[in-house]
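The values are calculated or read from the model by the stated rules, or taken from the named source; none is laboratory data. This is a predicted model, so every value here is computed, not measured. Every residue, glycine among them, receives a Cβ derived from its backbone with ideal geometry; neighbour counts consider all protein chains shown. SASA here: full protein model, heavy atoms, side chains in, ligands and nucleic acids out. Shrake-Rupley method; radii C 1.70, N 1.55, O 1.52, S 1.80 Å.
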Amino acid sequence: MATYQIEVFDEAISSFIPVAMVQPSDTGYMDRETELNQGEYCYRIRAFERGGNDTISISNEACVR
């Protein structure tokens with residue numbers, strides 16, 4: 001079983017920050033809480049494998065204005 005962490009890039013600190021944890025059964029997510037003073041929001045997903053070798057995978061980025 002895996003869990004997924006949604007992250008957004010914060011230009012002020014030049015780093016991704018966690019936004020939410022979601023379950024594998026979740027098929028969508030709407031970020032209604034993140035308010036950064038920047039023109040573009042870039043998101044990625046960090047997947048954590050459980051019950052094995054604790055592998056972490058990071059998705060490609062998806063950006064929106």
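So the values come out like this:
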| read-out | value |
| --- | --- |
| Vicinal HN-Hα couplings computed from phi for region 43-51 (Karplus, 6.51 cos²θ - 1.76 cosθ + 1.60; Hz; Gly/Pro x) | 10, 8, 10, 10, 9, 10, 7, 10, x |
| Solvent-accessible area, 1.4 Å probe, carbon plus sulfur percent, for the chain | 48 |
| Ile6, Ile13, ranked by accessible area, largest first (probe 1.4 Å) | Ile13, Ile6 |
| Low-density loop cleavage sites - trypsin sites (Lys or Arg not before Pro) in region 25-61, where at most 16 other Cβ are within 10 Å (DSSP) | Arg32, Arg50 |
| Surface per residue (accessible, 1.4 Å probe) for the chain, Å² | 74 |
